[in-house]
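Remarks on the structure that follows.
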Amino acid sequence: MSFSLIHRVRQAEGARPPLLVLLHGVGSHEEDLFGLSPWLDPRYTVVSARAPLRHGGGWGWYPITFHEEGIEFEEDVAFESAETLERFIQECHRHYGTDPTQTVLMGFSQGAAMALLLLLTRPECLHAAVLMSGRLIPEAAVQAAHYMQLVGKPVFVTHGLYDSVLPIDQGRAIQAELKRYPVLMTYKEYPMGHEVSPQSITDIQTFLTNLLDDEKET
């Protein structure tokens, strides 16, 4: 089968396992977050996707340019990448036999911005999201789906207090935006920079495992 995105996969045993899609940050690649897979609940089929656009020595979901006065984001391209990502998710369900009602997106930095974009504008394609050190694309809030489509969706948001790439205000802006919707949000700040710390990944592990355990109880 031909896929829309290059990726790495760790397949779970059993019929129709949940799908956990990992979205890396700008300038990185599919191997980056895939390194976390040994620490993630083995009941998930884990797919780490490579973003579709060349960016420096790696890949990105939409172009960014660094200037002395700040960072310029070409966010219109993010919506094109979101279409590709949604198509890729459906391809994974067909090929790997995962449960389409149990898709979790887990992104870091620009990957978190993409996961949040899909959560707000295409909520039907995911069950839950983990947003690590990300930012809100303003147009995603403008184009957000009707709030009733987001009822009860679990969202875990992490951000570093000392993040010099996407300062803590960006994490708090995500928190403020998600408070406008009936999602089940957990927001946590950590004494870290633009990174995934041991404490944050431990909390993410717990969140992901609880998603499956809560589903078994219902």
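The values are calculated or read from the model by the stated rules, or taken from the named source; none is laboratory data. Because the structure is predicted, anything quoted here is derived from the model rather than measured. Quick reminder, even Gly has a Cβ in these numbers, built from the backbone with ideal geometry, and neighbours come from all protein chains shown. What goes into the accessible areas is simple: the full protein's heavy atoms, side chains included, and nothing from ligands, DNA or RNA. Shrake-Rupley method; radii C 1.70, N 1.55, O 1.52, S 1.80 Å.
Which of the residues that make up the stretch 125-153 are in a loop (DSSP other than H, G, I, E, B) and not aliphatic (A, V, I, L, M)? Across the stretch 125-153, the qualifying residues are H127, S133, G134, R135, Q143, H146, G152, K153. Residues in the stretch 40-56 that are touching a residue at least 40 places away in the same chain (Cβ under 8 Å) and under 17 Å from the mean Cα position of the chain (by Cα): L40, D41, Y44, T45, V47, S48, A49, R50, A51, P52.
Right, T202: assigned to a helix (DSSP H, G or I), without any contact (Cβ under 8 Å) to a residue 60 or more places away in the chain and not small (G, A, S) or not? Answer is yes for this residue.
Checked against the criterion of being within 27 Å of E80 (Cβ to Cβ) and at pLDDT 95 or above, the candidates L40, L33 yield just one match: L33. A search for C-beta distances below 8 Å between a residue of the stretch 57-75 that is of a type in the set (S, T, Y) and any residue that is modelled with pLDDT under 90 and assigned to a strand (DSSP E or B), counting only pairs 6+ apart in sequence or on different chains, returns Y62/F73; T65/I71; T65/E72.
For the stretch 122-135, indicate whether the set of residues that are closer than 23 Å to G70 by Cβ, among the hydrophobic types (A, V, I, L, M, F, W, C) and open to solvent by less than 20 Å² (accessible area, probe 1.4 Å) is non-empty. Checking the stretch 122-135: at least one residue is closer than 23 Å to G70 by Cβ, among the hydrophobic types (A, V, I, L, M, F, W, C) and open to solvent by less than 20 Å² (accessible area, probe 1.4 Å).
This table checks each residue for (1) touching a Ser or Thr at 6+ places or on another chain (Cβ under 7 Å); (2) within 18 Å of D214 (Cα to Cα); (3) open to solvent by less than 40 Å² (accessible area, probe 1.4 Å).
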{"position": "R8", "(1), (2), (3)": "yes, no, no"}
{"position": "P17", "(1), (2), (3)": "yes, yes, yes"}
{"position": "L22", "(1), (2), (3)": "yes, no, yes"}
{"position": "D32", "(1), (2), (3)": "no, no, no"}
{"position": "L40", "(1), (2), (3)": "no, yes, yes"}
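Looking across the stretch 65-101, just one residue is open to solvent by 50 Å² or more (accessible area, probe 1.4 Å), β-branched (V, I, T) and at pLDDT 95 or above, and that is T101. Considering the stretch 186-195 alone, what residues qualify as being surrounded by fewer than 18 Cβ atoms within 10 Å (Cβ to Cβ) and in a strand (DSSP E or B)? Within the stretch 186-195, T186, Y187, K188, E189 meet the criteria. Screening A115 with (1) part of a helix (DSSP H, G or I); (2) touching a helix residue (DSSP H, G or I) at 6+ places or on another chain (Cβ under 8 Å); (3) not hydroxyl-bearing (S, T, Y) gives one miss only, at (2).
Each residue in the stretch 42-60 was checked for being closer than 15 Å to F88 by Cβ and either of a type outside the set (S, T, N, Q) or open to solvent by 70 Å² or more (accessible area, probe 1.4 Å) (or both), and 8 pass. Pairs linking a residue in the stretch 14-37 that is free of Cβ contacts under 8 Å to residues at least 12 places away in the same chain to a residue that is of a type in the set (F, W, Y), with Cβ atoms under 6 Å and 6 or more positions apart or on different chains, do not occur. Flag: V151 does not match the condition of being open to solvent by less than 50 Å² (accessible area, probe 1.4 Å), of a type in the set (V, I, T) and at pLDDT 95 or above.
A quick yes/no check of all residues on (1) under 22 Å from L20 (Cβ atoms); (2) without any contact (Cβ under 8 Å) to a residue 40 or more places away in the chain:
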| position | (1), (2) |
| --- | --- |
| G134 | yes, no |
| A141 | no, yes |
| I168 | no, yes |
| L178 | yes, yes |
| T209 | yes, no |
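The residue of the stretch 56-101 that is farthest from R8 (Cα to Cα), among those that are outside any helix (DSSP H, G or I) and among the β-branched types (V, I, T), is I71.
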